[in-house]
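Engineer: Take a look at this one; I'll ask things after.
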Amino acid sequence: MPDTRPVPGRPAPDLKLDLIIDAKWDLAEQDPGAFTMIVFYRGVHCPICRSFLTDLRGVYDDFLSKGVEVINVSMDTHEKATKAHEEWGLDPIPMGYALTEEQARAWGLYLSEGRTDAEPETFSEPGLALVTPDGTLYIAEASSAPFLRPDLKLLLSKIDMIREKDYPPRGTLAA
């Protein structure tokens, strides 16, 4: 079976979303100083997502100062994404919602079936991507479980090094 995950060093998959503030967001229209960081989270039902995104909010301004624009994205509905954004104190981080199963698969995210009434029927597991201003995928991370996430402070500490040393994307050999 062919590997269909996105490959660093190649164009990032398309991503167009609605934001909870009744606006549209299109990856192709982003113009960050360094990277666009897309944080895929499971949904409002996930307490680990709450903790991770709250930690992200704590370093959000630091990412911005290094030229990294951030968006949080899930398969949640507008109502659920708004609830997460408000209750978790994530303002002013943009919050995208209604990620489709097709979009999640294009980004190499793992999908799960809900197993409790609190969980949606289908949702994506967490992931994170860095995309360069020209639309090239730089880093792609996807977890098949809620409790495996990237270290945000470590990633933040490497942004300057990546830029200064023109560090290339890794994992570029497609299957």
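Engineer: Out of all the residues in region 48-63, is one or more modelled with pLDDT under 95 and either within 14 Å of the chain's Cα centre (by Cα) or of a type outside the set (G, A, S) (or both)?
Structural biologist: No, the conditions are met nowhere in region 48-63.
Engineer: Name, by its number, the condition in (1) under 13 Å from R42 (Cβ atoms); (2) hydrophobic (A, V, I, L, M, F, W, C); (3) open to solvent by 50 Å² or more (accessible area, probe 1.4 Å) that does not hold for A104.
Structural biologist: If we test A104 against (1) under 13 Å from R42 (Cβ atoms); (2) hydrophobic (A, V, I, L, M, F, W, C); (3) open to solvent by 50 Å² or more (accessible area, probe 1.4 Å), just (3) comes out false.
Engineer: Can you spot a residue in region 17-28 that is of a type in the set (F, W, Y) and more than 15 Å from Y138 (Cα to Cα)?
Structural biologist: yes
Engineer: Name the residue that is nearest to L156 (Cα to Cα), counting only residues in region 25-61 that are touching a residue at least 40 places away in the same chain (Cβ under 8 Å) and charged (D, E, K, R).
Structural biologist: Looking at residues that are touching a residue at least 40 places away in the same chain (Cβ under 8 Å) and charged (D, E, K, R), I get D55.
Engineer: Same structure, new question: With respect to the numbered conditions (1) outside any strand (DSSP E or B); (2) over 26 Å from P168 (Cβ atoms); (3) not aliphatic (A, V, I, L, M), which one is the sole condition not fulfilled by D62?
Structural biologist: (2)
Engineer: Among the candidates P169, P126, single out the residue that is in contact with a strand residue (DSSP E or B) (Cβ under 7 Å, 6 or more places away or on another chain), under 18 Å from R50 (Cα atoms), of a type outside the set (S, T, Y) and crowded, with 17+ Cβ neighbours inside 10 Å.
Structural biologist: It is P126.
The values are calculated or read from the model by the stated rules, or taken from the named source; none is laboratory data. Note that the coordinates shown come from a computational prediction; the quantities given were computed from them, not determined experimentally. Glycine also receives a Cβ, built like all others from the backbone with ideal geometry; neighbour counts cover every protein chain displayed. Areas reflect the complete protein model, heavy atoms only, side chains present, ligands, DNA and RNA absent. Shrake-Rupley method; radii C 1.70, N 1.55, O 1.52, S 1.80 Å.
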